[in-house]
Each structure stands twice: as structure tokens, then as C-alpha cells.
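The next block holds one structure in the form of C-alpha cells; read it before the comments.
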Ligand SMILES: Nc1ncnc2c1ncn2[C@@H]1O[C@H](COP(=O)(O)OP(=O)(O)OP(=O)(O)O)[C@@H](O)[C@H]1O
Ligand SMILES: [Mg+2]
């Protein structure tokens, strides 16, 4: 399957605060809040939703295409993604701008305070699926410049390309009518349980009504696993236990990467979900969103400690 991923491409500047944010916030002084945290570590990581999903798919042997607008500082990132097996030919450099940058500080309780500078991503809506030479089998519409998300979803409907609508953190920005319009006709809708509640509230649509608008709804529920709603059924996917949780960033993207690899192989929904769950667990065990690595043999062996694939996953190794 030819899967084209659209969404943010960013460098992540990740910091850790060796205390608890909640101890530093004075509720009676919220109106004049002014906080500076002395952090004890910082790293720059490759991030952004589309390459995060792409990286996880590439680890599993897929060759997804990445479509995005990036800055002049992207070239080392491009070389690295290409070396892993991601096709970056549709990652277009915007002259004189930085790649989008995400600055996040995480505290001891994994609470996070973050800012996101769009940079080259602000140009994402200038790209068009109509300029893509070969029509993909699936387009993933992940968090991006809001106008680009709207465009890509509209172009998918117009060109009759199945798409996965992944509004994630942009649910906060998007209006109820935009969310309702762009989920309507999507092949997949992926959200976490909090975002599901927010979408429901913003659109006024309940579960049944959302299921009338999309073929497959996947709701991830953090440590409680995920639910896949398809063909009038609800299937549960438990989590794969972690050895240790180092950093939760990127767990949702990894889940999507694992899931889409299973889907691309034509596997059943539960197997797709289980692939997502294991891909997510690997991310939790490392700092950053693309610092984990495994061979496909290791992935399959760990998968089989928890799930029964009936031998299908042999195909990943061949
Ligand atoms: N504590 C955990 N232990 C094991 N697996 C987990 C844990 N948290 C999340 N996962 C796995 O990751 C999947 C996605 O998690 P979650 O619902 O938290 O995504 P998210 O809220 O979109 O995350 P993100 O912070 O990346 O946006 C879950 O369905 C589960 O399979
Ligand atoms: Mg998420």
C-alpha cells in the first residue's frame, strides 16, 4: 500500500523539570502568572506527527511518503529519514524559514507545558494532492496548519482518495463544523478518549452519529488500551506492558504507525490494533519520539509474548 502522510514536521526541544509544576502554581495569582523553570536536561529531537508515524512504519518495513513544508534546517533530518526508509521527495523546503519547532518541559509527574512555533509549517496549505504524481492508496491528515488539514481532507474527498482523519491536538483549534465536515467521509478517524469527548461536545455528535460518518473509528485510551469501532462492532485492544515508562511523547503517533502497517498488510482489525499497541510501548520506553529502534524479528518475538497472530507476522520478517 502507498500511504502518504501529511502533518507537522518539527524539531522538538525537550526539557525536564526536576519538580512538580503544580507546586509552583499559585492559584490565587493566576492572573499574573509568570514562571520560569530551571530545567536539568535539554535535547533536540526529530519530531512532528507525520515523520513520527513514518518512522514507526519504516521500522516495520513500510516505505511511507512524507508530504510537508519544511525549513532550511531540514536537510540532516531528511537524510536520516531516507536512511530509515521514508520517502521524503514531497517534503518541500521553504527558503529562509525554520522547520516548525516544539519546546516542551516535562515534570516529575509527566505533566507537560509546551509551545509550538509553526515556521515552515505555516506554508503547508500551499501544497496540493493534485500535484502528487501517483495517487496514494491512503492519505493521513494529521495535525498541521489548520488550512492545510482542511485542504487535504477536501482534496481527498474530491479526488476520491480514502483518508485517515487524525485531528489530535488540533481538536482544540478546529471548530465543531470543521471537525464534522472533515470526519464526514473519512475512512478512518483516530482520536484519544479525551479528544473524542471534545469532538463530541464541539460537534454535538454522539458515538452512534460519528459511526455513521466514518468507516472505522479508533479511540485510544492511554494505559487502558484502545477501542476499534468497525462493522457495527467494538473491539478492545489491551496495552503491551512496558519495562519502564521514560517519556510518553509520541505514543499516539507510534500507535498509528503500527496500526497502519498492519492495515497496509491487509491484516484484521485486532491485529492492526495490537501492532499499534506494541509500537506505542517501544516509544514509551525511550526519550523522544524517534529514538527507539528494534529489528522486525525483535518486534515479532515481543508481539508473540502477548498476542496470537496465527503466524501472519512472519511476513514482516521475510
Ligand atoms: N502507560 C501505557 N502503557 C502501555 N501502553 C500505553 C500506555 N499509554 C499509552 N499506551 C499505548 O499507546 C496508545 C495511545 O495512547 P494514548 O491514548 O495516550 O495516545 P495519545 O493521548 O494520543 O498520546 P500522545 O501524547 O502521543 O498524543 C494506547 O492505546 C496504548 O496502546
Ligand atoms: Mg495524541
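Only the coordinates and a few stated rules stand behind these numbers; no lab work does. Remember, it's a predicted structure, so these values are computed and weren't measured experimentally. When we count neighbours, we look across all protein chains shown, and the Cβ atoms used for this are built from the backbone with ideal geometry, even at glycine.
Listing for the model above:
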item	result
Order of 227, 34, 264 under a 10 Å beta carbon neighbour criterion, fewest first	34, 227, 264
Per principal axis, descending, Cα span of segment 39-186 in whole Å	50, 37, 34
Computed over the chain, Kirkwood Rh from alpha-carbon pairs, angstrom	20.1
Distance from segment 16-32 to segment 266-309 (C-alpha centre basis), Å	36
Top of 277, 133, 54 by mean-square fluctuation, Gaussian network on the chain, Cα under 10 Å	133
Relative contact order of segment 185-279, pairs being alpha-carbon contacts under 8 Å that are 6 or more residues apart, as %	22
R0 of 22 Å, Cβ-Cβ distance residue 236-residue 209: FRET efficiency to nearest 0.05	0.50
Shape of segment 54-118, Cα gyration tensor, a/c cut at 1.5	oblate
Per-bin percent of Cα-Cα distances, segment 116-254 [5 Å]	2, 9, 19, 21, 19, 14, 10, 5, 1, 0
